[in-house]
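I have placed the structure first, in the form of C-alpha cells, so that the comments after it can refer back to it.
The values are calculated or read from the model by the stated rules, or taken from the named source; none is laboratory data. Everything quoted here is computed from the prediction, not taken from an experiment. Glycine also receives a Cβ, built like all others from the backbone with ideal geometry; neighbour counts cover every protein chain displayed.
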Amino acid sequence: MPNKKTAILFPVIIILAALIAYYNSFYCAWHLDDFHAIVDYDYNSTDLWGLVLFRKQRALGFVTFFLNFKLCGYNVFGWHIVNFIIHVFNAILIYLIACRLFIQTEILNTHPKKKVYGYITALVIAVIFAVHPIQTSAVTYIVQRIELLGALFIFLSFYFFLLFISTKKISSKIILCVGGFLCIALGAFTKETIVVAPVLMGAYIVIVRLKSWKSRLLIILFTSAAAILIAIFALIMFKAITFSPSLHFSAKPFEILWRDAGESPIVYYSTQIRVLVRFLRLCIFPYGQCVEFWMSPSTSFKNFQVILASGIHLSIIGFALFMWRRQPFILFGIFWFYIFLMPSSILPNGIFEHRIYTALAGLLFAIFIPIGYELLNQPQRMRRTVGIISLTLVASLILCFIFMSHLRNKIWKSEYSLWHECATTSPNNWRANVNYGYALLNQGKYIDAKYYLEKSFQQKSNVWAVANNLGLLYSYINDIDGSIRMFEHGLKLKPQNRLLKANLGACYLQKGLITKGTNLLYKARTQESFVTLGNYYLNKGNYDEALKCYERVLKKYPDDVDALVGKQACIRLR
C-alpha cells in the first residue's frame, strides 16, 4: 500500500477537489422527493422504529434523515454537508479499490517502484469520480443520500472482498468476511442495488483472477446463487413473495409501478437500450445535463434507433471481450457499468442522472487502469515524457469537470432555476413543464405558469399532479369552475389523494357548496385542510368548531403560524 505521505496526501487531494466542486451546493434548496421524504414528514412525532416501518426497504437512509433532523432541523446546510461527506467517503473508497485493482498484478509485485503509477492512476480515477458533473444530481439532491449510502455499502463490501482474497491470515479473512456480509446486510436496508455486490465479486474473479474455464463456471454459479438469494430477500421485503398461508408470488406490488409508468414493458425496455447509450455519452461527454431527460419512446425492438443503440452496446462489449486477455480491466469496468445500471433499468424509471452515480466508476476503471498499464510498458525515457503529458491532460480535464460541477450546483440552487433549464432543454417533457409551471406559480407569474401547466396537461392528462397544479393556478386567478374541474379530474385518477381532497374541498366552500366542501376537508385530514376548515368556521362565527380545527393542527404542528393566529382570534372573539 502507499507510504505514509501518500496515504495522507492523496485522500486530502480528493477531499479538496470535491470541496472546490461542491462548496456552492451547501445552500441549495429542497427539491422533488425532498418534500415527501423529509420536509413534509413529521420527524418530531416519530421514533426510529416508526421510521423503519414507514420505509422498510430503505430504512437506513431514513434513519440518517431522522438523525440529521435531530441535529440541525430543516437547515439545508447540515443536510448537504452529510451528503458531501458520504460522497467523499465513496471517492476515497474508489481510490482504495483502484489501488487494489491496479497493484494486485505480477508486474508490480516484481517491480515495487512501479507501484507509484498505480497510486497515481487510482488518484486520477477517484478525483474524476468525485468532481464529475454527472454526480451533482446524487450529491446535491438531498434525498439521493439513499443512492450515496447504497454505493457506500457496495464499495465497502467489494473493498473487503479484495482484501480478503489478498490476505493469508485466517483471522484477517474471518474479520473481512464478517465485515463484507455486514455491509451487504446494511445495504439491503438502504437500496435494492445491493444485489449487485455478489455479482461484482464473482465478475472480478472470473474476469481478472481465474484462468481456467471450469473454475470460472463454478464462480459464476456461486455468485448467481448468491444474487438470487438477495433478490428473493428483496422480493420478500416488497411482499412480492409471502409464506402465509403458503408460498405465494404476487406481481401486485409492482403493478403500481407500471401503472404510473404510463407505457407498456415493451416500449419501456426498448427505450432503455437507447437510454443506456445516453448514459454512456454523459459519462464521457457530460454536456446538455438536465434534472430529468426526455426521450421519445421506442415502439418496439425493431426501431432503427434501438437497433443502432444495440449495435453500440455490442461493439463496446465485443471490444472488451477482444481485449480481455491483454487488458482484463476493460471488460471488468464495462461489466461494472452495465451491472450497476441493471437494477434501475429493470423496473420503470425515469432518465435521471443519479442512476449513473455508481456506474461511472466502472467506466473510469475501464479507461484509466489500462492507460496506466500502457505507461508502465513504455521505455523509461518515453514513460516519463508520456506520463507528464498524460497528467497534464488529466489535470485539465479535472479542472474542466470542477468548473462544470460548480455551474450545475448553481442550477440546483432553486426550484425555478432547476426546472427552467429542464423545460428549456426538454420542451416535450411533461414533468419539466408541470414543475416549471408550478415554480412560476409560486413566484406569482400566473400568465407564464398557465402556458406551461396547460402544456403539461395536454402532454400528460392522466397524472394527478398535473391536474392538481393546473387546478391551483385556476384557483389563484379566480377561475373556481376551472379549478373544481381539474381537482375532480385528479381525484378520478387518484381517489384517495388527501391533497386533492383538501384543494377541492376549499374550492367547494368558495363556490358555496358547504356540505360537500366540509366533508371533503374532514376526509383529507391534512394540516392545510383543518386550517381551511378553521378559517371557514371562524368567518362564520362558529368559534368552538374553529378552535377544534386549529388545536387539531397545533397538536401535531405546534409552530403552524396560520393555526396559531386563528386560535388567538377564536379566543379573543369568543
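For segment 418-486, the helices (runs of 4 or more DSSP H) that sit wholly inside it and include 1 or more residues that are farther than 27 Å from G505 by Cβ are 430-442, 446-459.
On the given criteria, is V386 in a helix (DSSP H, G or I) and either outside the structural domain of I15 (by TED's automatic domain parsing) or over 30 Å from M201 (Cβ atoms) (or both)? Taking the combined requirement at face value, the residue satisfies it. Considering segment 529-553, and only residues there that are of a type in the set (A, V, I, L, M) and more than 19 Å from R498 (Cα to Cα), the residue that is farthest from the chain's Cα centre (by Cα) turns out to be L538. Being over 27 Å from the mean Cα position of the chain (by Cα) and touching a residue at least 12 places away in the same chain (Cβ under 8 Å) is the filter; apply it to segment 421-464 and report the residue that is farthest from R485 (Cα to Cα). Within segment 421-464, the match that is farthest from R485 (Cα to Cα) is Q443.
In a residue-by-residue description of segment 468-479, the property of being surrounded by fewer than 20 Cβ atoms within 10 Å (Cβ to Cβ), free of Cβ contacts under 8 Å to residues at least 24 places away in the same chain and within 22 Å of W30 (Cβ to Cβ) applies to no position.
Among the residues of segment 194-210, write down those that are under 26 Å from the mean Cα position of the chain (by Cα) and farther than 14 Å from F164 by Cβ. Those that are under 26 Å from the mean Cα position of the chain (by Cα) and farther than 14 Å from F164 by Cβ: I194, V195, V196, V199, A203. The test for being more than 22 Å from the chain's Cα centre (by Cα) and aliphatic (A, V, I, L, M) does not hold for L407. In this structure, does G50 turn out to be at pLDDT below 90, at positive phi and more than 20 Å from the chain's Cα centre (by Cα)? No; evaluated as a whole, the condition is false for this residue. Selection within segment 279-295: residues that are in contact with a helix residue (DSSP H, G or I) (Cβ under 9 Å, 6 or more places away or on another chain) and at pLDDT 90 or above. The member of this set that is surrounded by the most Cβ atoms within 10 Å (Cβ to Cβ) is F279.
Within segment 393-445, track down each residue that is aliphatic (A, V, I, L, M) and under 26 Å from A18 (Cα atoms).
Step one: of segment 393-445, the residues aliphatic (A, V, I, L, M) are 393-395, 397-399, 402, 404, 407, 411, 418, 423, 432, 434, 439-441.
Listed by number, the residues that qualify are L393, V394, A395, L397, I398, L399, I402, M404, L407, I411, L418.
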